[in-house]
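Trainee: Sharing a structure here in C-alpha cells format.
The values are calculated or read from the model by the stated rules, or taken from the named source; none is laboratory data. Bear in mind that the values here come from a model prediction, so they are computed numbers and not experimental data. Cβ sites come from the backbone with ideal geometry, for glycine too, and all protein chains shown count toward neighbours.
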Amino acid sequence: MLVKYEIKLKIIYTLGKRHRVGSYSQESTRYCNYSRDKFGNEITVIEPYFYVGTDNYDLWQASCKMAEKTYMELLGKGSSPQEARSVLPTCLKTEMAVTYNIREWRHFFALRCSAAAHPQMRQVAIPLLLLFADKLPGLFDGIKYDTAFPREHYAEVLLTDDMFNPLDAMNRG
Ligand SMILES: Cc1cc2nc3c(=O)[nH]c(=O)nc-3n(C[C@H](O)[C@H](O)[C@H](O)COP(=O)(O)OP(=O)(O)OC[C@H]3O[C@@H](n4cnc5c(N)ncnc54)[C@H](O)[C@@H]3O)c2cc1C
C-alpha cells in the first residue's frame, strides 16, 4: 500500500463533484485494477494529516491495509474491479479533472474554504483560492476562507498548463 504523505494538487484536480455547474472527469475504480503493474500492484491512499502523530494513525493504516488485502483477494478469486472496489477506503487517492466558470469557482471557494467544510477539502481549496486571488485579484480577492487552517497542511499546487500565463504576460506588459 502506497501512502501519499502530502497532496500535490494539479490545477485541474480538486474535489467536490456535488457542484452542478461544472464538468468532471474522474479516475474510475470500476475500470482501474490496482493489482496491475501500472498501479504498482497496490492501492494508493491519502494520509489524513489529522491522524499523523496520534494514537489513531496505526488504526487508520491497519484498516487501509486490510482493505487492500481484501481487495486483492477478491480480484484473485475472480471478482472484477467494479465488484472488488466496494471494500476500498474513502481515503483512496483519485485524480479528477474539473472545469468551472468564474462564477462557480467563486461559489466553490466560498463553500469549500469555510471552517464548515471538511478539513481535507479545506486543505485543497484554500491554497487554490489563494493562488487564484494572487493571479486574478479582481475576481477572487475578498472571498472569505478559514484563516485558522494550518498553513503547513496546505496542498501543494502544481501549475501544469498555461492557465495564468497570458495574464502574467499582460501584467509584465
Ligand atoms: C460544508 C458543507 C457540507 C455539506 N454537507 C452535505 C451533506 O451532509 N449532505 C449532502 O447531500 N450534501 C452536502 N453538501 C453538498 C451540498 O448539499 C451541495 O451539493 C453543494 O453545496 C453544491 O450545491 P450548491 O447549490 O451550493 O451549488 P452548485 O451546485 O455548485 O450550483 C451553483 C449555483 O448555481 C445555481 N444552480 C445550480 N443548479 C441549479 C438548478 N438546477 N436550478 C437553479 N439554480 C441552480 C444555484 O444558484 C447554485 O447555488 C455539503 C456542502 C458543504 C459546503
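Trainee: In this structure, is THR90 at pLDDT below 95, outside any strand (DSSP E or B) and either among the basic types (Lys, Arg) or more than 10 Å from the ligand (Cβ to nearest atom) (or both)? Lay out the reasoning, then the answer.
Mentor: Numbers: at pLDDT below 95: yes; outside any strand (DSSP E or B): yes; either among the basic types (Lys, Arg) or more than 10 Å from the ligand (Cβ to nearest atom) (or both): yes.
Criteria met by THR90.
Trainee: Can I ask one more? Between TYR57, TYR34, which is at pLDDT 95 or above, farther than 20 Å from ARG112 by Cβ and crowded, with 17+ Cβ neighbours inside 10 Å?
Mentor: On the way: TYR57 fails: crowded, with 17+ Cβ neighbours inside 10 Å.
From the options TYR57, TYR34, the qualifying one is TYR34.
Trainee: Then there's this: Please determine whether any residue of region 149-168 is within 30 Å of ARG30 (Cβ to Cβ), out of contact with any strand residue (DSSP E or B) (no Cβ under 6 Å at 6 or more places or on another chain) and either exposed (fewer than 11 other Cβ atoms within 10 Å of the Cβ) or at pLDDT 95 or above (or both).
Mentor: yes
Trainee: Considering only residues that are more than 30 Å from ASP141 (Cβ to Cβ), without any contact (Cβ under 8 Å) to a residue 40 or more places away in the chain and surrounded by fewer than 18 Cβ atoms within 10 Å (Cβ to Cβ), which ones fall in region 81-118?
Mentor: GLU83, SER86, VAL87, THR90
Trainee: Can you run down the residue pairs with Cβ atoms below 7 Å, 6 or more apart or on separate chains, where the first is in region 18-37 and closer than 12 Å to THR94 by Cα and part of a loop (DSSP other than H, G, I, E, B) and the partner is basic (Lys, Arg) and more than 16 Å from the ligand (Cβ to nearest atom)?
Mentor: THR29/ARG85
Trainee: Here is a further query. Could you say which residue among GLY76, GLY138 is exposed (fewer than 12 other Cβ atoms within 10 Å of the Cβ) and assigned by TED's automatic domain parsing to the domain that holds ARG36?
Mentor: Working: GLY138 fails: assigned by TED's automatic domain parsing to the domain that holds ARG36.
After ruling out the rest, the residue left standing is GLY76.
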